[in-house]
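Have a look at the structure below, then the notes.
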Amino acid sequence: MILLLQDVTRLKEVDRLKSEFVATASHELRTPLTGMTMSMGLLLETAQEKLSEPELELLQTAQDDIQRLRALVNDLLDLSKIESGKISLEITSVDVSLLIERALSTFKVQAQEQRVELTPVLPDELPLVRADANKITWVLTNLIANALRYTERGGRIEVKVSPRIDVIHISVRDNGAGIPVDYQSKIFDKFVQVETDKDVGGSGLGLAICKEIVKANNGSIWVESTPGEGSTFTFTLPVMSQFSPTGV
């Protein structure tokens, strides 16, 4: 037998310093980006009659780029807080059916416009879970948004809940393009985005944040996918000791 030990203290310290740098830089970027957003909005409201069509298009493009930067900065700050353990959780007993109803209602109009069928699949009775309702709703909306990005018109997205002994499984399944095998092992890493023929947007941080939030709620998350057939993202949450019917 061979036992190999490696001191990772230095690597852990480097990772901590990197996270602190990202958090500091993101925080410093937030203020100027907010000012730029307000300035661009003011220009678009007051200077439309004085600008030509190409000039207005440039301003609108600049405003869209600033919004994307703000979203990226906010994602970086959220991820840094979670990784450093500074995120505050409000753990309570949660009715999962209500979380799914809230998440699906957010995408009702978008799904209709894309002609994508959004379907909840829930058993008649569900145990309550221990979780932060707002942050788990964020996870659900992020997974559904990703499914909508990669599902073609006429497709189907299913949000399914499956109770187990001491946890429940919550799955978001689509019949979209699926994830190439090379990406499946790193899909929850930072800045990883599946390459497609169309620009789907996003910062590449959403799934990394999902993983950290689920982990902070004492759960786990994984993906199963077959290229060309679709993907299923599943995460778990611990159940309360007392069994309770859905809707209570």
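The values are calculated or read from the model by the stated rules, or taken from the named source; none is laboratory data. If you're wondering where the values come from, they're calculated on a predicted model, not measured in any experiment. Note that each Cβ is placed from the backbone with ideal geometry, even for glycine, and that neighbours are counted across all protein chains shown.
When we screen Ile136, Ile165, Ile157 for residues that are buried (at least 20 other Cβ atoms within 10 Å of the Cβ), in contact with a strand residue (DSSP E or B) (Cβ under 9 Å, 6 or more places away or on another chain), of a type in the set (A, V, I, L, M) and not in a helix (DSSP H, G or I), the only hit is Ile157. If you go through the range 84-117 and keep only what is free of Cβ contacts under 8 Å to residues at least 12 places away in the same chain and of a type in the set (S, T, N, Q), you end up with Ser88, Ser105, Gln112.
Search the range 206-248 for residues being part of a loop (DSSP other than H, G, I, E, B) and among the hydrophobic types (A, V, I, L, M, F, W, C), and hand back the single one that is modelled with the lowest pLDDT. Give the derivation first.
Let us first name the residues in the range 206-248 that are part of a loop (DSSP other than H, G, I, E, B), namely 217-220, 227-229, 240-248.
So of that shortlist, the ones also among the hydrophobic types (A, V, I, L, M, F, W, C) come out as 240, 243, 248.
Numbers: Met240: 83, Phe243: 41, Val248: 36.
Looking at the filtered set, the residue picked out is Val248.
From the list Asp182, Asp199, the one residue that fits, being surrounded by fewer than 17 Cβ atoms within 10 Å (Cβ to Cβ), assigned to a loop (DSSP other than H, G, I, E, B) and either modelled with pLDDT under 90 or touching a Ser or Thr at 6+ places or on another chain (Cβ under 7 Å) (or both), is Asp199.
Across the range 169-184, the number of residues qualifying as under 19 Å from the mean Cα position of the chain (by Cα) and farther than 27 Å from Glu101 by Cβ comes to 5. For the range 24-49, residues that are more than 20 Å from the chain's Cα centre (by Cα) and either of a type in the set (S, T, N, Q) or modelled with pLDDT of 80 or more (or both) total 18.
The set of residues in the range 102-117 that are part of a strand (DSSP E or B) and closer than 24 Å to Phe188 by Cα is empty.
Looking at the structure I just gave you, is Leu89 in contact with a helix residue (DSSP H, G or I) (Cβ under 7 Å, 6 or more places away or on another chain), modelled with pLDDT of 80 or more, in a loop (DSSP other than H, G, I, E, B) and within 27 Å of Thr141 (Cα to Cα)? If you could, list the steps in order and put the result at the bottom.
Numbers: in contact with a helix residue (DSSP H, G or I) (Cβ under 7 Å, 6 or more places away or on another chain): yes; modelled with pLDDT of 80 or more: yes; in a loop (DSSP other than H, G, I, E, B): yes; within 27 Å of Thr141 (Cα to Cα): yes.
Yes; evaluated as a whole, the condition is true for this residue.
Given the criteria assigned to a loop (DSSP other than H, G, I, E, B), out of contact with any Cys (no Cβ under 8 Å at 6 or more places or on another chain) and surrounded by 14 or more Cβ atoms within 10 Å (Cβ to Cβ), does Leu99 qualify? Before the answer, list the steps.
Working: assigned to a loop (DSSP other than H, G, I, E, B): no; out of contact with any Cys (no Cβ under 8 Å at 6 or more places or on another chain): yes; surrounded by 14 or more Cβ atoms within 10 Å (Cβ to Cβ): yes.
Considered against the rule, which asks whether it is assigned to a loop (DSSP other than H, G, I, E, B), out of contact with any Cys (no Cβ under 8 Å at 6 or more places or on another chain) and surrounded by 14 or more Cβ atoms within 10 Å (Cβ to Cβ), Leu99 comes out as no.
Residue-by-condition table, conditions (1) among the hydrophobic types (A, V, I, L, M, F, W, C); (2) in contact with a strand residue (DSSP E or B) (Cβ under 8 Å, 6 or more places away or on another chain); (3) over 30 Å from Leu128 (Cβ atoms):
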site	(1), (2), (3)
Met38	yes, no, yes
Leu42	yes, no, yes
Leu56	yes, no, yes
Ala71	yes, no, yes
Asn74	no, no, yes
Asp95	no, no, no
